[in-house]
1. Among the residues of segment 143-175, which ones are part of a loop (DSSP other than H, G, I, E, B), open to solvent by 10 Å² or more (accessible area, probe 1.4 Å) and in contact with a Phe, Trp or Tyr (Cβ under 7 Å, 6 or more places away or on another chain)?
2. So in segment 248-275, with the set limited to residues that are over 24 Å from Leu95 (Cα atoms) and of a type in the set (Asp, Glu), which one is least open to solvent (accessible area, probe 1.4 Å)?
3. Exactly one of these conditions fails for Val309: (1) part of a strand (DSSP E or B); (2) closer than 15 Å to Leu55 by Cα; (3) open to solvent by less than 40 Å² (accessible area, probe 1.4 Å). Give me its number.
4. From Glu245, Glu315, which residue is open to solvent by 40 Å² or more (accessible area, probe 1.4 Å) and closer than 30 Å to Met200 by Cβ?
5. State whether one or more residues within segment 113-123 are open to solvent by less than 30 Å² (accessible area, probe 1.4 Å) and over 21 Å from Trp178 (Cβ atoms).
6. Checking the structure you have, find out if any residue of segment 290-303 is in a strand (DSSP E or B) and open to solvent by less than 10 Å² (accessible area, probe 1.4 Å).
7. Within segment 44-83, track down each residue that is in a loop (DSSP other than H, G, I, E, B), over 16 Å from Arg304 (Cβ atoms) and in contact with a Leu (Cβ under 6 Å, 6 or more places away or on another chain).
8. I'm checking my understanding of the structure. Among residues of segment 242-263 that are more than 23 Å from the chain's Cα centre (by Cα) and not in a loop (DSSP other than H, G, I, E, B), which one is farthest from Lys73 (Cα to Cα)?
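The values are calculated or read from the model by the stated rules, or taken from the named source; none is laboratory data. If you're wondering where the values come from, they're calculated on a predicted model, not measured in any experiment. For neighbour counting, all protein chains shown are included, and Cβ atoms are generated from backbone atoms with ideal geometry for every residue, glycine included. Quick note on the areas: whole protein, heavy atoms, side chains included, nothing else; ligands and nucleic acids left out. Shrake-Rupley method; radii C 1.70, N 1.55, O 1.52, S 1.80 Å.
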Amino acid sequence: MYIARRPLIASAALALPGCAANPRPATLASTTRGPKCLPAVNVAPGRVIRTVAGLRPYRAQGFVVRAEPLGDKCLVHNYGHGGAGITLGWGTSRLAVDLGLPGHGGPAAVLGCGIVGLTTARLLQEAGRQVTLYAAQLPPHTTSNVAGGQWHPASLYDPDQVTPEWIAQFKAAMDYSWRRFQIMVGAEYGIRWVPTYLQMPDDPAGGDAEPDLSSAYETDRVILGPGEHPFPVRRVRRFSTMYAESGHLLRQLMRDVQIAGGRFVVRDFATPADILALPETLVFNCTGLGAGKLFGDTGIEPVRGQLAVLLPQAEVQYAVAGQMGYMFPRDDGIVCGGTFEHGEWDPTPQPERIAKILEKQRAFFSGFRCTA
């Protein structure tokens with residue numbers, strides 16, 4: 001099935017303190033057509049170095065960023081990012097911190113140590129606060145460590161179930177994350193720009209009218225037709241976006257938190273009453289999927305994603321997505337995925353699903369019209 005991408009409204013100001021987002025200029029189409037030949041990925045079975053599965057914290061109503069009192073504490077929620085935690089972590093953390101800081105002094109607590117917890121902690125530290133992160137699991141044992149790492153707000157919400165107020169938060173989060181990622185590009189954080197090819201419907205009249213979810217943030221975009229690309233599909237859209245080697249990024253953010261004086265405490269919370277025992281009066285809930293049980297959010301559910309990771313191929317310097325799933329090149333391996341399994345709580349790879357991922361990838365890359 002073709003990978004659907006929901007529409008994105010260009011960024012606008014958000015009526016929260018310190019959260020105004022500057023409109024970004026429209027992305028210009030590329031003046032170059034790009035290479036007609038690309039090196040194919042070798043999807044031989046013996047090249048699989050690991051298989052992984054992660055549970056995306058999906059909410060049809062979108063992520064939650066809001067504040068509420070909890071006893072003598074201010075509790076700020078920041079969870080429910082679906083498949084867009086890496087993409088939106090900086091942005092929703094900016095909203096959460098700007099919402100929680102006014103009127104509250106002293107140290108802060110962050111619950112959760114995935115990408116959302118770590119970015120929240122860093123922004124609090126940049127505001128001069130002492131921070132302690134409390135989490136049942138630390139990297140590399142978080143859902144964020146399993147993420148493919150593409151900057152793209154995927155698998156995030158049902159457009160029929162979100163409010164205009166949520167859309168405003170979404171736009172502001174997108175804009176801040178896009179800008180924050182750009183200043184982190186390089187070997188230090190494992191973030192780089194990668195040309196990306198997205199399969200498009202064969203019929204231009206039926207598939208081009210509605211913009212992509214990430215289309216406002218696609219740089220150097222161009223549509224390529226038959227004979228202009230090597231893929232065994234009719235049309236693709238090529239653009240450039242950022243990719244993070246997720247494990248590398250999380251390690252570096254943990255380092256940054258520690259250098260700035262932050263502490264990590266391994267601790268689980270069974271009920272909100274457990275949070276009341278914390279010494280901090282300002283608490284940020286970045287527990288992801290765990291927020292459902294901890295705070296009774298029945299709108300959050302697990303959506304399992306599975307990946308097969310192949311030996312790295314230095315010559316593969318592009319990403320691709322479509323009916324075959326997706327392929328992202330990273331220094332730690334070639335990431336092959338594409339599953340979106342609602343309501344699955346088992347965070348272990350399923351051999352039959354992994355086999356299907358590899359079968360689709362193998363058929364796709366063996367159908368290249370040319371290789372370099």
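1. Gly148, Ser155, listed by residue number.
2. Asp274
3. (2)
4. Numbers: Glu245 fails: open to solvent by 40 Å² or more (accessible area, probe 1.4 Å).
The conditions single out Glu315.
5. Within segment 113-123, the subset open to solvent by less than 30 Å² (accessible area, probe 1.4 Å) is 113-121, 123.
Then keep just the ones that are over 21 Å from Trp178 (Cβ atoms); that gives 113.
There is at least one residue in segment 113-123 that is open to solvent by less than 30 Å² (accessible area, probe 1.4 Å) and over 21 Å from Trp178 (Cβ atoms).
6. Our first condition is that a residue be in a strand (DSSP E or B); within segment 290-303, this holds for 300-303.
Imposing the further condition that a residue be open to solvent by less than 10 Å² (accessible area, probe 1.4 Å) reduces the set to 302-303.
Looking for residues that are in a strand (DSSP E or B) and open to solvent by less than 10 Å² (accessible area, probe 1.4 Å), one finds at least one in segment 290-303, hence yes.
7. Gly71
8. First, the residues of segment 242-263 that are more than 23 Å from the chain's Cα centre (by Cα): 258-263.
Now narrow it down to the ones that are not in a loop (DSSP other than H, G, I, E, B): 258-259, 263.
Working: Gln258: 25, Ile259: 27, Arg263: 20 Å.
Of everything passing the filter in segment 242-263, Ile259 is farthest from Lys73 (Cα to Cα).
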